[in-house]
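In what follows, a structure is listed as structure tokens, so that the remarks can point back to it.
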Amino acid sequence: MKNVTLPRYTIGPDALNDLERVVSAYGRKVALIHGAKAYAACQALLTPALGSLDVVREVCYGQEATYENVAKLTEDPDVRRADVLIGIGGGKCLDTVKLAGDQLGKPVVTIATIASTCAAVTKISIMYNADGSFKDIPKLKAAPVHCLIPTSVIAEAPIQYLWAGIGDTMAKHVECTFSARNDQLDYASELGRTISAMCFEPVITHGASALRAAKNQEVSDDLEQIIQNILISTGSVSLLVHPDYNSALAHALFYGLTVREHIEKNHLHGEVVSYGTLVQLMMDGQMEMLQKAYAFHRQIGLPVCLADLELSKDDPLSDVLEMAEKNQELNHIPYPVTQALIRKAIDDLENYAG
């Protein structure tokens with residue numbers, strides 16, 4: 001028997017007004033687990049939205065999505081007595097809260113304060129080591145029961161998160177269609193692959209305008225469209241398709257690049273993934289899509305070469321390529337992707353003129 005989940009979400013400037021209704025279906029005692037900046041950004045809206053809910057714990061998740069930070073939450077007696085865990089923040093915070101909820105068997109409600117990844121709705125957690133390097137991706141028993149998307153908070157967030165989220169979103173279509181190539185798909189995977197188209201052309205169409213709106217801290221139609229593509233379209237693909245089709249080289253190369261300390265320190269997840277998308281398109285010979293993506297990257301400033309990631313084209317990248325080649329995201333692909341093949345695509349991209 002297959003149990004298929006789709007995101008349940010509330011979006012709008014007043015989205016947090018739905019919080020008490022959503023949570024009340026699961027209990028009254030809540031633990032608020034957040035990033036420090038995220039909590040400060042939405043506290044004025046959050047406090048009245050809690051209504052009569054009983055906040056038994058309010059705590060910062062930490063600085064990284066690690067098993068150690070998950071353990072701090074699951075061992076906290078106040079967190080343990082909560083009926084619902086409410087995660088407030090970006091991807092690393094929400095992935096930490098989701099895994100804690102999974103281990104405790106508690107429902108999770110997410111409040112997305114930035115639009116940078118689809119972590120607010122998915123049933124995986126991307127986990128890292130304390131030094132910021134990638135560790136693994138545990139699969140969870142359930143997705144968050146609801147996601148609240150306060151667009152006014154996201155519009156006022158640092159714009160680089162939205163910018164990186166655009167890059168991460170475009171990868172979903174490129175990777176999903178590549179990984180699923182030549183396979184006979186079941187209904188859910190076919191639906192997910194079809195939805196993945198929303199992660200590419202519409203993002204190119206609306207992305208630059210959305211960034212301009214966010215720069216002015218305005219909630220425009222284009223910004224709302226992009227936020228939903230980042231969080232909901234991408235998240236729907238992740239929830240619907242077989243896990244084999246969720247990623248490919250763009251993310252494998254990102255995880256490989258995290259072995260370089262400055263990548264995690266100076267660059268955002270979606271920013272680095274967006275570079276991997278160009279590498280994958282080059283490797284796979286998808287030149288029409290590459291031309292569109294490359295031009296869009298240039299338009300909004302996403303990376304198009306190694307120098308944009310503070311790397312030299314003469315760097316052998318042996319450690320990066322070794323980590324990328326063995327990453328789990330390359331376990332199911334239409335042909336073998338070797339270190340040599342990735343290196344050639346990187347070199348070809350260095351010489352590409354659009």
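The values are calculated or read from the model by the stated rules, or taken from the named source; none is laboratory data. Please read these numbers as outputs of a predicted model, since none were measured by experiment. When we count neighbours, we look across all protein chains shown, and the Cβ atoms used for this are built from the backbone with ideal geometry, even at glycine. Surface accessibility is based on the protein's heavy atoms, side chains included, excluding ligands, DNA and RNA. Shrake-Rupley method; radii C 1.70, N 1.55, O 1.52, S 1.80 Å.
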(request) Under 19 Å from a label point 7 Å along Cα→Cβ of Lys2: give me every residue in region 157-185 with its amide N that close. (result) 176-185
(message) Can you give me the solvent accessible area of His242 with a 1.4 Å probe, rounded to the nearest 10 Å²?
(response) 90
(request) Could you order Cys42, Cys305 by accessible surface area, starting with the largest, using a probe radius of 1.4 Å? (result) Cys305, Cys42
(message) Cut-off under 30 Å on the C-alpha distance; same-chain residues fewer than 8 positions from Lys2 excluded. Which lysines are left, in chain and number order?
(response) Lys92, Lys98, Lys106, Lys123, Lys135, Lys139, Lys141, Lys172, Lys326
(request) Please work out how much accessible surface Arg193 shows to a 1.4 Å probe, ignoring ligands, DNA and RNA, in Å² rounded to 10. (result) 70
(request) Work out, step by step, the length gained on full extension between Lys326 and Ala295: first 0.36 nm times the residue separation, then minus their alpha carbon distance; give nm to one decimal. (result) 8.1 nm
(request) Name the residue farthest towards the positive end of the dipole of region 1-145 from the options Ala130, Leu53, Tyr9, assuming +1 on Cβ of Lys and Arg, -1 on Cβ of Asp and Glu, about the Cα centre. (result) Tyr9
(request) Treat each spin label as a single point 7 Å out from the Cα along the C-beta direction, and report the Glu288 to Glu218 distance in nm. (result) 3.5
(message) Students sometimes get this wrong: rank Asp347, Asp76 by accessible area, probe 1.4 Å, all chains present, largest first.
(response) Asp347, Asp76
(message) Rounded to two decimals, what is the ratio between the C-alpha radius of gyration of region 230-333 and 2.2 N^0.38 Å?
(response) 1.08
(message) Testing the spin-label approximation: label points 7 Å from Cα along Cα→Cβ at Thr194 and Asp319. State their distance in nm.
(response) 4.6
(message) Can you give me the angle between helix 269-283 and the longest principal axis of the chain, using Cα atoms only, in degrees from 0 to 90, rounded to the nearest 10?
(response) 30
(message) I need the per residue convex hull volume for region 155-207, using only the alpha carbons, in cubic angstrom as a whole number.
(response) 76
(message) Placing +1 on the Cβ of each Lys and Arg and -1 on the Cβ of each Asp and Glu in the chain, which of Ala307, Val121, His269 has its Cα farthest towards the positive end of the resulting dipole?
(response) Val121
(request) Please report, in debye to the nearest 20, how large the charge dipole of the chain is about its Cα centre when each Lys and Arg carries +1 at its beta carbon and each Asp and Glu carries -1 there. (result) 860
(message) Which residue, Thr338, Ser247, Phe296, has the largest displacement toward the positive end of the dipole of region 229-342 when charges sit on each Cβ (Lys, Arg +1; Asp, Glu -1)?
(response) Phe296
(request) Give the label of the value calculated from the structure for mean projected area of the Cα convex hull in nm², choosing from [x] 16.3; [y] 27.4; [z] 18.4. (result) [x]
(request) Would you calculate the separation in nanometres between label points at Glu310 and Lys135, each defined as 7 Å from the Cα along the Cα-to-beta-carbon direction? (result) 2.4
(message) Suppose R0 equals 22 Å. What FRET efficiency, 1/(1 + (r/R0)^6) with r the Cβ-Cβ distance, do Asp76 and Leu50 give to the nearest 0.05?
(response) 0.70
(request) Take the alpha carbon atoms of region 1-48, find their radius of gyration, then divide it by 2.2 N^0.38 Å using N residues; give the quotient. (result) 1.42
(request) Please calculate the 1.4 Å probe accessible area of Asp186, with all protein chains present, and give it to the nearest 10 Å². (result) 70
(message) Which aspartates and glutamates, if any, have their Cα less than 17 Å from the Cα of Lys265, not counting same-chain residues under 8 positions apart?
(response) Glu64, Asp131, Asp308, Glu310
(request) Kindly sort Lys313, Lys29 by accessible area of their heavy atoms, largest first, with the probe set to 1.4 Å. (result) Lys313, Lys29
(request) Please report, largest first and rounded to whole Å, the three semi-axes of the ellipsoid equivalent to region 55-191, where each semi-axis is the square root of five times an eigenvalue of the C-alpha gyration tensor. (result) 26, 19, 15
(request) Rounded to the nearest 500, what is the 222 nm mean residue ellipticity of the chain from helices alone, with -39500 (n - 2.57) per DSSP H run of 4+ residues and division by all residues? (result) -15000 deg cm²/dmol
(message) Among 2-13, 133-144, how do they line up by average Cβ neighbours within 10 Å per residue, starting with the highest?
(response) 133-144, 2-13
